[in-house]
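The values are calculated or read from the model by the stated rules, or taken from the named source; none is laboratory data. These numbers come from a predicted model, not from an experiment. As a convention, Cβ positions derive from the backbone with ideal geometry for all residues, glycine included, and neighbour counts pool all protein chains shown. When the accessible area is computed, the model is the full protein with side chains, heavy atoms only, and any ligands, DNA or RNA have been set aside. Shrake-Rupley method; radii C 1.70, N 1.55, O 1.52, S 1.80 Å.
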Amino acid sequence: MRGILEKYGTAIAGLALVCFFALAAPNFASSNNLLNIAKETSFLAIIAIGFTLALVTAELDLSVADVASLAAVVTGALVHTGQPVLLAIASGLGVGLLCGLVNGIAVTRLRVPSLIATLGMAAMARGFAFMLTDGVSYVGRWPAAFTDLARGKPLGFPILILWMLGVVLLALFLVKWTRTGARMTATGEAGESARLAGINIRAMKSVGLMLSGLCAGLAAVLLTSSLSSAAPNMAADYFLYAIAAVLLGMTMFNPGHANIPGTLVAALILKVLGNGLVLMGAPYYIQDIVLGFIIIASVAVSSAVLKKAAFKF
């Protein structure tokens, strides 16, 4: 029972939260609301999974939200000015990938701690986003070929959820069943041993940060498509939520370690919590209080699990 609670306790608590809101919050259990929660989770989950891939290599990426905002601005500017949709999508993804590459170079070549390097990237991305837009938003009637990226419903099913599941499966496949994923995990869990075993830990850390940037770019493209607008700070709210999703995910399935299934379930729990509080009429600041508590509690639980595991050995 103790082992079950350690691995699945957070997920069980999330299920209990769903049951509570289904009984206490009006219209929470309606099919439309549940679909809205799943769609809203998509943006957060994609960004948080990128963060998770960086953390797997023992590096932080605190620039994900601002990089996503910059990628959204670049994508929106190109669509707004009538450029080909494929060019706009590729540019948004490219911005995220380039920012991740710069983070990787700063961390592995310049030996700047990822905490500092990615904070610097966040500031630069935010500055570039405001420079490109002069602080205004791109809004307009954009081509269906672009808006259908996030609003489409193939076979009646929201495509946003399919994007999220696709990213989850690809990330899970990378980490669990590829040589690169195994090397990324080894780099994060035992860097010196991985280096002595012949693994290029610099390359693995760079890959993790680049994938984090790419996920931020993808989330930006989908967010821009969904809202038909792009603003220089449109992804700012995802910063703390992405951190909370990753840390909360580390309390389940593989406690103490960043893992893809945990991040997905945690993102869903956070969106369920936010939606339920809104439907119950809770003040907006309650969400911030709860979010801060979740971040602190998640780190405390993960640290306790790691200490316990170390003590056993």
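Points to keep in mind about this one:
- Count - residues of the range 143-156 that are more than 26 Å from the chain's Cα centre (by Cα) and touching a residue at least 12 places away in the same chain (Cβ under 8 Å): 1
- Residue count for the range 72-121 satisfying the condition of being aliphatic (A, V, I, L, M), more than 19 Å from Ile243 (Cβ to Cβ) and in contact (Cβ under 8 Å) with a residue 24 or more places away in the chain: 14.
- Figure legend. Inter-residue proximity from the range 278-289: first residues in contact (Cβ under 8 Å) with a residue 40 or more places away in the chain, second residues among the hydrophobic types (A, V, I, L, M, F, W, C) and open to solvent by less than 100 Å² (accessible area, probe 1.4 Å), beta-carbon distance below 7 Å, spacing 6+ or different chains. Indicated pairs: Leu279/Ala25; Leu279/Phe28; Met280/Ala24; Met280/Ala25.
- Residues that are of a type outside the set (Gly, Ala, Ser) and outside any helix (DSSP H, G or I) within the range 12-57 comprise Pro26, Asn27, Phe28, Thr57, listed in sequence order.
- Any hit, the range 119-135, residues being surrounded by fewer than 19 Cβ atoms within 10 Å (Cβ to Cβ), in contact with a Ser or Thr (Cβ under 8 Å, 6 or more places away or on another chain) and either at positive phi or among the aliphatic types (A, V, I, L, M) (or both): yes
- Among the candidates Ile89, Ile46, the residue that is within 20 Å of Asp148 (Cα to Cα), among the β-branched types (Val, Ile, Thr) and open to solvent by less than 20 Å² (accessible area, probe 1.4 Å) is uniquely Ile46.
- Selection within the range 50-72 - closer than 15 Å to Ala123 by Cα, of a type in the set (A, V, I, L, M, F, W, C) and surrounded by 24 or more Cβ atoms within 10 Å (Cβ to Cβ): Val64, Ala65, Val67, Ala68, Leu70, Ala71
- Only one entry of Ser63, Ser30 meets the criterion of being without any contact (Cβ under 8 Å) to a residue 40 or more places away in the chain and of a type outside the set (A, V, I, L, M, F, W, C), and that entry is Ser30.
- Hits in the range 141-169 (condition: surrounded by 14 or more Cβ atoms within 10 Å (Cβ to Cβ) and outside any helix (DSSP H, G or I)): Trp142, Gly152, Pro158
- Only one entry in Val74, Val102, Val112, Val79 is farther than 21 Å from Ala171 by Cβ and either of a type in the set (Lys, Arg) or not in a helix (DSSP H, G or I) (or both), namely Val112.
- When each of Lys7, Lys39 is tested for being basic (Lys, Arg) and closer than 17 Å to Met234 by Cβ, the lone residue that passes is Lys39.
- Output for the range 29-56, where each listed residue is in contact with a Lys or Arg (Cβ under 6 Å, 6 or more places away or on another chain) and under 30 Å from Met204 (Cβ atoms): Thr41
- Search result, residues across the range 1-11 that are of a type outside the set (Val, Ile, Thr), open to solvent by 60 Å² or more (accessible area, probe 1.4 Å) and assigned to a helix (DSSP H, G or I): Arg2, Leu5, Glu6, Lys7, Tyr8
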